[in-house]
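The values are calculated or read from the model by the stated rules, or taken from the named source; none is laboratory data. On a predicted model such as this, the values are computed, not experimentally measured, just so you know. Using ideal geometry, Cβ is built from the backbone for each residue, glycine included, and neighbour counts are taken over all protein chains shown. SASA here: full protein model, heavy atoms, side chains in, ligands and nucleic acids out. Shrake-Rupley method; radii C 1.70, N 1.55, O 1.52, S 1.80 Å.
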Amino acid sequence: MCSSAPPQPRHRHESAILSNTKMAFISNVAVKAAAVAALLLVAAVSPAARAAAVAVAGGAPSVPAGPLDIAQLGAKGDGKSDSTPMILKAWKNACEATGVQKIVIPPGNYLTGGLELKGPCKSSIIIRLDGNLLGTGDLSAYQRNWIEIENVENLSINGHGTIDGQGALVWSKNQCQHSYNCKILPNSLVLDFVTNVQIRGITLLNSKFFHLNIFECKNVLIDKVTVKAPGDSPNTDGIHIGDSSNVTISSTTIGVGDDCISIGPGSKMIRIHGVKCGPGHGISVGSLGRYKDEKDVEDVQVTGCTIAGTTNGLRIKSYEDSKSSLKASKFLYEGITMDNVSYPIIIDQKYCPNNICVKSGASKVAVNDVVFKNIHGTSNTPEAITLNCANNLPCQGVQLVNVDIKYNGSGNKTMAVCKNAIGKSIGLAKELACI
């Protein structure tokens with residue numbers, strides 16, 4: 001999230017908001033979640049898979065009370081007619097049935113307002129998205145977010161369709177560039193308290209605010225998804241994760257106007273592999289410490305990714321006058337290619353957007369065990385490495401291993417700026433070996 005925007009509060013009621021370097025990086029729990037999602041994908045056509053998925057869903061499939069194809073419920077894919085009631089009805093029909101149920105959004109352009117898709121459900125639900133969902137530009141049609149899925153287990157969203165927030169209709173109403181306490185526009189797709197979820201193949205386009213927000217979720221797989229918005233679109237983070245565990249993002253392309261991926265407090269076991277990021281603000285952890293009672297961030301791996309033309313690269317940031325005492329630890333960044341990236345590697349424990357903090361240097365956020373390994377490419381700024389750690393709480397266990405980033409401009413040299421960072425440098429040019 002950009003420095004001028006308010007951080008997303010941790011709790012949804014406050015918000016308007018591998019182990020190897022292949023797919024083997026998914027943990028054992030994630031493998032189970034991915035297997036469940038795979039069963040959901042083929043359950044409609046494979047009797048064996050349906051039987052297995054029935055066991056997961058907790059019962060034999062029942063005939064839903066009504067159609068699950070929104071066109072059969074009267075939705076018109078003309079891009080003008082309101083399809084909100086038909087989608088809500090399809091969700092209700094699927095949620096109240098048992099077994100595996102598949103909601104179908106066929107080819108066409110379906111305009112909707114706010115969609116609150118609530119559980120718990122008796123069934124495991126597939127949403128097959130082959131058409132395009134369009135978020136209306138009428139902000140009065142939303143209570144909080146656009147598509148918000150809550151309290152659901154065993155969910156799959158797949159297809160070749162698009163979730164189009166039509167953000168260009170309302171971006172001019174975003175005042176977060178000017179006021180820190182601004183009104184937050186609707187996020188496009190929000191998952192709250194969802195367990196065992198797979199999102200695959202779809203496109204998230206031009207959100208009004210965040211494209212995908214994941215809160216209090218477990219066992220999430222995002223695979224082969226495309227997220228797109230103009231590089232100057234305000235606060236259009238690609239994927240935001242908060243208070244969630246066992247989240248995998250793989251083979252996904254993200255180009256937005258803010259963080260490609262942002263990892264907030266309470267995030268654990270996060271695996272990001274094969275992601276292409278840019279334009280945007282890079283892959284960020286934080287901001288941390290803005291609110292009281294924030295939880296630790298730990299076990300984050302970012303591997304095999306390409307970052308191009310972004311305003312930051314790999315970043316960990318925490319507020320200088322942090323309100324919470326928490327730890328950010330066990331990070332691995334490996335096999336990353338930087339292409340014309342400003343500030344490719346950053347740890348900033350003195351983050352203070354819009355001068356809203358007290359610059360005391362007394363951080364309460366401990367940053368430990370961070371490895372940057374086999375990272376190469378070009379920097380758009382002379383500073384290729386910036387480790388700006390707190391005076392009272394230095395960064396511990398930072399490793400720079402085989403980092404080869406060169407400034408691609410003229411009139412200056414590649415450099416590293418490191419303060420209060422404790423660790424070691426291995427296989428770096430002299431100008432980058434700052435610890």
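Being in a strand (DSSP E or B) and either basic (Lys, Arg) or buried (at least 22 other Cβ atoms within 10 Å of the Cβ) (or both) is the filter here; which residues of the stretch 257-278 pass it? Give the derivation first.
So in the stretch 257-278, the residues in a strand (DSSP E or B) come out as 261-263, 268-273, 276-277.
Ile261, Ser262, Ile263, Lys268, Ile270, Arg271, Ile272, His273, Lys276, Cys277 - these are the residues of the stretch 257-278 that are in a strand (DSSP E or B) and either basic (Lys, Arg) or buried (at least 22 other Cβ atoms within 10 Å of the Cβ) (or both).
Please determine, by comparing only the residues of the stretch 360-385 that are of a type in the set (S, T, N, Q) and in contact with a Lys or Arg (Cβ under 9 Å, 6 or more places away or on another chain), which one is farthest from Met338 (Cα to Cα). Write out each step before concluding.
Let us first name the residues in the stretch 360-385 that are of a type in the set (S, T, N, Q), namely 360, 363, 368, 374, 378-381.
Okay, now just the ones that are also in contact with a Lys or Arg (Cβ under 9 Å, 6 or more places away or on another chain), so 363, 368, 378-379.
Working: Ser363: 30, Asn368: 24, Thr378: 6, Ser379: 7 Å.
Within the stretch 360-385, the match that is farthest from Met338 (Cα to Cα) is Ser363.
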Exercise for the section: Could you look through the stretch 162-191, keep only residues that are in contact with a Pro (Cβ under 8 Å, 6 or more places away or on another chain) and open to solvent by less than 50 Å² (accessible area, probe 1.4 Å), and pick out the one that is farthest from Lys80 (Cα to Cα)? Expected result: Tyr180
Exercise for the section: Test His281 against the criterion of being outside any strand (DSSP E or B), open to solvent by 10 Å² or more (accessible area, probe 1.4 Å) and within 23 Å of Met338 (Cβ to Cβ), and give yes or no. Expected result: yes
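Would a scan of the stretch 116-135 turn up a residue that is open to solvent by less than 40 Å² (accessible area, probe 1.4 Å) and modelled with pLDDT under 95?
Looking through the stretch 116-135, none of the residues is open to solvent by less than 40 Å² (accessible area, probe 1.4 Å) and modelled with pLDDT under 95.
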Practice task
Exactly one condition in (1) among the polar types (S, T, N, Q); (2) more than 26 Å from Cys352 (Cβ to Cβ); (3) at pLDDT below 95 is not met by Ser425; state its number.
Solution key: (3)
Exercise for the section: Give the number of residues within the stretch 200-217 that are under 19 Å from Lys268 (Cα atoms) and among the aliphatic types (A, V, I, L, M). Expected result: 2
Handout entry: Residues located in the stretch 243-256, provided they are open to solvent by 10 Å² or more (accessible area, probe 1.4 Å) and outside any strand (DSSP E or B)
Key = Asp243, Ser251
Fill in the blank from the handout: Expected output for the stretch 334-353 (first residue assigned to a loop (DSSP other than H, G, I, E, B) and modelled with pLDDT under 95, partner surrounded by fewer than 24 Cβ atoms within 10 Å (Cβ to Cβ) and aliphatic (A, V, I, L, M), Cβ below 9 Å, 6+ apart or cross-chain) is Cys352/Val358
Exercise for the section: For residues that are open to solvent by less than 50 Å² (accessible area, probe 1.4 Å) and over 18 Å from Ile375 (Cα atoms), scanning just the stretch 405-422, find the one that is modelled with the highest pLDDT. Expected result: Ala421
Completion exercise
Turns out the strands (runs of 3 or more DSSP E) fully within the stretch 130-199 with at least 1 residues that are at positive phi are 147-159
Practice task
Just name the residue that is surrounded by the fewest Cβ atoms within 10 Å (Cβ to Cβ) out of those in the stretch 366-393 that are at pLDDT 95 or above and of a type in the set (A, V, I, L, M).
Solution key: Val371
Practice task
Would you please name the residue that is surrounded by the most Cβ atoms within 10 Å (Cβ to Cβ), looking only at residues in the stretch 93-106 that are closer than 11 Å to Asp69 by Cα and touching a Gly at 6+ places or on another chain (Cβ under 6 Å)?
Solution key: Ile105
